[in-house]
Amino acid sequence: MTEINDQQTARRVIADAAAGERKFHSIVPNESVASNALTLVIAIMAFLASITLGAVTLVSDTARGWQSDISREVTIQIRPIDGVDMQQALDAAQKIAARREGVDSVTVVDEETTARLLEPWLGAGLDLNELPVPRLLKVRLDGAVHLDFIALRSELSANVPGASLDDHRVWLDRLVTMASATIIGGFAIFLMMMASTVLTVVFATRGAMAGNKNVIEVLHFVGAEQGYIAGQFQKHFLILGLKGSLAGGMLAIICFIVVGAWASSNVADPAADQVAALFGTFSVGLGGYVGVLILIFVIALLTALTSRLTVFRHVGTLDRSAEHE
């Protein structure tokens, strides 16, 4: 009885396709528990892949921002020394740095800003006069002219007691190395997720073919071409892949927007200032959103292509078995 029903199904598929009807009987059921489960799995994979892609984009953009900011700015630090007036030392260091070629501006970091920077560690209401806290000057560089760091460092050491120049190169190298390692790890995770998606679609396609094995065999042996049979599965899994990847990708985009809005609303918090200094405003930028949209269609196409290749391999196995017989 099952074989008779499968043969009738196959005849209806061939007849409808030959008649050119827009809505014909499909080999693969459009709505089933397996299809819904696969859509959910693809949505989860797409969400995780999108989050990973967004995180990699965020770290990459932040690393470029670090390099750009640090390359345009250096810091002069003046340590408190007994018998030396701090304000006079700040004024002297500012004059020395300002007259150097390659310096655009020199700004003294005031006591309020210094206390704010130390607040996450030393608490609020800090009185700098009670503690030997170093004072800072931010030196903005002119990108068109190279600053002689060695000469500036020597002049500061000779004329301003307790002064030192920090060009941040050591920290920059460490941050860039950390960012590069994070990006490589993110891409590795991304590739593993895509591989998992492919394997999931392969097993789902094989399961669908196993449930419709007799229909596929009847269609194939009565003359249906491989391309037609594969096209039925390809269309089915393309729709599933598009639904799942669209749901996962859109959810990831919503998460990016919510986290970005939350980070922007907490800029007044001292701890948030430190986080913002490292990662900015947690905005993935236009490139991240475009990447997620591209990823949605890539996952859908990858799902369809995987199912098509799996069906071709299965039908090819039928041909080889028929030749041996």
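The values are calculated or read from the model by the stated rules, or taken from the named source; none is laboratory data. Note that the structure is predicted; figures quoted are calculated from it, not measured. Cβ atoms come from the backbone with ideal geometry, glycine included; neighbour counts cover every protein chain shown.
Just to be sure, is VAL202 β-branched (Val, Ile, Thr), surrounded by 12 or more Cβ atoms within 10 Å (Cβ to Cβ) and not in a loop (DSSP other than H, G, I, E, B)?
On the way: β-branched (Val, Ile, Thr): yes; surrounded by 12 or more Cβ atoms within 10 Å (Cβ to Cβ): yes; not in a loop (DSSP other than H, G, I, E, B): yes.
Yes.
Out of ALA163, ALA179, one residue alone is touching a residue at least 40 places away in the same chain (Cβ under 8 Å), more than 29 Å from ARG100 (Cα to Cα) and surrounded by 15 or more Cβ atoms within 10 Å (Cβ to Cβ). It is ALA179.
Restricting the range 203-225 to residues that are among the hydrophobic types (A, V, I, L, M, F, W, C) and within 16 Å of THR39 (Cβ to Cβ), the residue that is modelled with the highest pLDDT is PHE203. The helices (runs of 4 or more DSSP H) located wholly in the range 1-113 that include 1 or more residues which are loosely packed, with under 13 Cβ neighbours inside 10 Å, among the aliphatic types (A, V, I, L, M) and modelled with pLDDT under 70 occupy 2-19, 33-71.
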